[in-house]
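Since the structure comes first, as structure tokens, the remarks are kept for the end.
Rule-based calculations on the coordinates, nothing more; no lab input. Treat the numbers as computed from the prediction; the structure is a model and nothing was measured. FYI the Cβ positions are ideal-geometry reconstructions off the backbone, even for glycines, and counts take in every protein chain you see.
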Amino acid sequence: MPPVIRVENLVKEFRRPRKQEGRFGTVRTLVTRQFDSVRAVDQVSFAIEPGELVGYIGPNGAGKSTTIKMMTGILVPTSGTVEVGGLVPWRERERNAMQIGVVFGQRSQLWWDLPLIESFNLIAKLYRVPDAKYQRNLERFIALLDMEEFLERPVRQLSLGQRMRGDLAASMLYEPQILYLDEPTIGLDVVAKENMRIFIEEMNRDSGTTIVLTTHDLADVERLCRRLILIDHGHVLYDGGVEQLKTKYAPHRILVVELEPDAVSSGRRIDAADVPGAEIVEQADGVARIQFESARTPVQDLIAALNARYPIADLSIVEPDLEGVVRQIYDERVPVA
Amino acid sequence: MSTLRVAWTLERAALRGQLEYRLNFIVSTFMGIAYQGSGFAFIYVVLHSFHTIGGWDFSDLAFLYSLRLLAHACCYLPFNQIDFLDVTIREGKFDRYLVRPMNPLLQLMTNRFQINAVGDVLTASALFVYAASIAHVDFSPLHVVYLVLAVIGGALAEAGFILAVSSLAFRFLETWAAAFLVDNIYLMFGSYPIRVFGATTAWIMTWIIPVAFVAYIPASVLLERTNGLHIANVVAYGAPVIGLLWFFAGYQVWRLQVRHYQSSGS
Amino acid sequence: MTTTLGTTAAPTGREPLSRSPWRDVPAYRQIINSRLRTTLAYRQNVFFLLAILILQIFILRKVWTALYQGHTTVDGLTLHALLVYITLANLQNWVLQDPTISFYMYNRVREGQVAFDLVRPVGFVPQMFAHLVGSSFATVIFGLVALPFIFFAGTLGAPASPTALLLYLASFVLGYVITTLLTLMLGMFAFWTTEISGLTMLYRLINQFFAGALVPVSLFPGAIRIIADVLPFQATTYTPVAIYVGRVRGADALGALGVQAVWVVLLIFASWAMWRRALHRVVVQGG
């Protein structure tokens, strides 16, 4: 099956007139026409299969939004190809629009002064959704997102969480093949975030909607995505599974060992020689953090060795978190093989 | 076609949204009346002492002025949001237009309903009825048809140019001043017999910025003053068509510029 | 357009009750400076407004020339004198105006910062005055830059006589004071309504017409002339410029100056009364 989204050697360059400083700056700017050229997206390539839920992440200014905007047809690429559902988005905007849903976390698509339900009606009309289908989807989403109580309220009176739910529902009313979510959980409280994630998951699982998720909240990614594309300075740094990323880039886990209080008071410390194949990263007040590589050193051997020699009060294993991994990658800015 | 039906639905929605702001409507209406009346006051006052401007007497000028107002109001009613393109872009709303299955220009136009635009049309119509009653115009069926077409054509001539100018917003950020300037040019130059400004200016106001096609040329035709015109008679009769061409050209420029859209924000 | 200016100078006196306005001169200087800088920063806007001014002068010149076809003198003015009048009147009218002040006041009120302004040691009204002066300085600078274009678009000419020039200068100062008071009062409307931009536009239109920038007031027919005589706008532009071109001279000129002085006094009272009502409203509303 051909990929539903195909991006090849995509480049976007922005040319901004360089503002002249000093006297008569304005006039000089108009006359001399010097430009600063910025490559927001530099040779980005990837393909997304139908039904995937992909996380697309990167620091601010990395080129995420620019890529998404080219995929949705908002921006015209400087060079390279982008094909979505067999169409070139910027060339056939209106046709492309029918097959995609877009949620911008910070800007609502709903009509500000009208009741929420009217926004839904307008969207149904705009996307020419047959009445039966519209009613069915509407009922489903009202139930799923618990919107009954504020359906009649003007959008400007809704809380952020309510408005986001409305935006999400609006984007799916016409059952698009592909859904782009740009920071959908931003500013939401913990409960709202979870509900949003459940909805997204359900859309992907039950309706088979291909979803591209852009977010700064890596908990979203860990929860929802199996695949992750990491971009920085316009380049793709990583494109692959979330788990693989963690294993490959942060193959270490940490074993936290807490010694019995008696041993602590008598000044007992864990000796590095007793934990071959592992490294004691930190040890203080009877708590030791021991770093090891799961692949090379099976954790049960380590625990057994420690248990034999030391009075252990408590043990826990700390998994590498995605955020730490990603932060490391940003810091080093080296493409991960 | 269904696009227009959807556009109409959006427009009605925008109207519903605006009815909240009633006080704004009242003030805007008075503003509109004052604005439209002020140019008229000038003509009235000067012609009290002098009797003609470039050979045009009070009834001629009143006819010209009210025809311009009418054409402008007919342009303003559908196209008043065009001037706000730069604001729409800055607020990030335009991105949304590009992602919906409908012409972004239509979406921009139906984004907000400007209630005072209706007031402007009513005021302009009233003024025109008065001016027509005192004008030396023969309202034969042929002339009436020409008049209607000329108003539409004039509105399109203005709209087309404004479309082209405001599409600069796709490339540059602050364009309200340019749009404001163009609005003022149409307002100031369009109210007088363009001939008065000299050959060069008259040419510019005809072929570079189509101010003359909004009212002066059609008025000249209807007042049977085509001998004083700086263009061929045949072109004058075809003014509505030229207006349509201007609109078409302006729209093409707009469409081309959308490609250079840079969007805003992260 | 909203601008956020730096704070005024640190409190000078410890007794805010009886203060001489002269103490606050450093504060005023700072306000004027920041106004200048702000206007320079927004110079793009100023250039466009200038362009409109220049076009208007051009149009008026052409229209008036066409009007004068077949006449040499109308109402005691030759075409040349009238064109000088029109050019100078428009230039002066433009220099005296600054719509941004009203917006500034409006925004301060709306955002509630006016509460700070009222509490600051430098009085609110003198502050606004300083803003207007600073704005005028900036406008004059831009006006000087535009002078060559105005020379091309309109007609500049010498005053009718040395006396005329002197009387003009005196009249100009009075006209400036009147305009400032009117602008202040316009800005005070911000305490009562949100529709400040509509009001400002309306004010500009009415002002422009009745100040005689389009047609000398002496040419106003019947009822319109009466209305114009009752309004203060005539005293801001028509009076000084008419003196300059010699349309009004000698005893008439002194009389006109007298009328201006009367307006100044009237407007001081009116704006003081309005200010009291505005304060009252702020206190009652809680700011």
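A few notes on this one:
- Working from the Cα coordinates of the stretch B:45-166, the gyration tensor eigenvalues give, after taking √(5λ), semi-axes of 36, 16, 12 Å in decreasing order.
- Over all directions, the projected convex hull of the C-alpha atoms in the stretch A:50-246 averages 11.1 nm² in area.
- DSSP beta bridge pairing in chain A, given as percent antiparallel to the nearest 5: 70
- Here B:Val214, A:Val4 are placed in order of increasing Cβ neighbour count within 10 Å, fewest first, which gives A:Val4, B:Val214.
- Nearest-0.05 FRET efficiency for B:Phe248 and B:Ser49, computed from C-beta distance (R0 45 Å): 0.55
- In this simple spin-label model, placing a label point 7 Å from the Cα along the Cα-to-Cβ direction at both B:Ile26 and A:Trp112 gives a separation of 2.3 nm.
- Computed from phi, the 3J(HN,Hα) profile of the stretch A:169-177 under the Karplus parametrisation 6.51, -1.76, 1.60 (θ = phi - 60°) reads 4, 4, 6, 9, 3, 9, 6, x, 5 Hz, with x in place of Gly and Pro.
- Only DSSP H runs of four or more residues enter the estimate; each adds -39500 (n - 2.57), and after division by the residues of chain B the mean residue ellipticity at 222 nm equals -22000 deg cm²/dmol.
- Distance between modelled label sites at A:Asn60 and A:Arg91, nm, 7 Å Cα→Cβ extension: 3.7
- For the protein assembly as shown, the Cα gyration tensor yields ellipsoid semi-axes of 64, 37, 24 Å (square root of five times each eigenvalue, largest first, whole Å).
- Note on chain A: with a GNM built from Cα contacts shorter than 10 Å, the maximum mean-square fluctuation among A:Pro184, A:Pro50, A:Pro130 falls on A:Pro130.
- The P(r) of the stretch B:98-242 has a tail past 22 Å containing 48 percent of all C-alpha pairs.
- Over chain A, dividing the summed -39,500 (n - 2.57) contributions of all DSSP H runs of at least 4 residues by the number of residues returns a 222 nm mean residue ellipticity of -11000 deg cm²/dmol.
- Along its first, second and third principal axes, ordered by size, the stretch B:149-209 spans 36, 27, 17 Å in Cα coordinates.
- Entry for chain A at q = 0.11, 0.12 Å⁻¹: log10 I(q)/I(0) = -0.85, -0.93, Debye formula applied to identical alpha-carbon scatterers, no solvent contribution.
- Ellipsoid semi-axes in whole angstrom, largest first, where each is sqrt(5λ) of the Cα gyration tensor of the stretch B:2-258: 32, 21, 17
- A:Arg309-A:Val190 FRET efficiency (beta carbon distance; Förster radius 60 Å; 0.05 resolution): 0.90
- Computed from the Cβ-Cβ distance with R0 of 22 Å, the FRET efficiency linking B:His136 to B:Leu77 stands at 0.15.
- If you wrap the Cα atoms of the stretch A:229-337 in a convex hull and average its projected area over all directions, you get 7.6 nm².
- Dipole of the protein assembly as shown, positive direction: furthest Cα of B:Leu256, A:Val318, A:Pro154, with charges on the beta-carbon: B:Leu256
- Paramagnetic label reach from B:Asp57 (point 7 Å along Cα→Cβ; backbone nitrogen cut-off under 19 Å): within the stretch B:206-239, residues B:219-228.
- The stretch A:73-168: trypsin sites (Lys or Arg not before Pro) falling in loop per DSSP and having at most 12 other Cβ within 10 Å: A:Arg91, A:Arg128
- Of A:Lys246/B:Lys93; A:Lys69/A:Lys125; A:Lys12/A:Lys133, pairs whose Cα-Cα distance is over 29 Å: A:Lys246/B:Lys93; A:Lys12/A:Lys133
- Full-extension gain in nm, C:Val173 to C:His280, via 0.36 nm per residue minus C-alpha separation: 35.4 nm
- Between A:Ala284 and C:Trp272, the modelled labels are 7.2 nm apart [label points 7 Å from Cα along Cα→Cβ].
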